[in-house]
């Protein structure tokens, strides 16, 4: 199983921290406004200060989100670099996890998906013939399975 690199984990953590600091800065504006409700002394300076804190907070949330996405999905997986091969490589752990979750859900629902059901009719017969020629199955087993495949098709 491919793991996410330590560098990407650090980027993800830094992004989360920046987002948290940005949210705290933004919310501090509302706390300050509530604490000074009705107090209009030094209003212009306090207003500039609150606007600056809110703006910096929003910027930190945005920058943190981009850094977190890069850490989570890699440069190509997050869309920063347009390289489909690299994106597939960057997103591979998440794709495996998603496939694993789907497999777990199918197992829980007792749904069985076999690859042979998805295989074309003629390919099933060719593979069965190859098994017989290699001596992996007997002629009798071959005939039984061949009959099953022919019955499925028609």
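Nothing in this text is a laboratory measurement; each read-out follows from the coordinates by a stated rule. Quick caveat: nothing in here was measured; it's all calculated off a predicted structure. Methodologically, a virtual Cβ is constructed for each residue, glycine included, from the backbone with ideal geometry; neighbour enumeration extends over all protein chains shown.
Observations, loosely collected:
- Placing pseudo-labels 7 Å out from each Cα toward the beta carbon at residue 139 and residue 5 gives an inter-label distance of 5.9 nm.
- Cβ crowding within 10 Å, taken as a proxy for footprinting-reagent exposure, orders 119, 19, 35 from fewest neighbours to most as 35, 119, 19.
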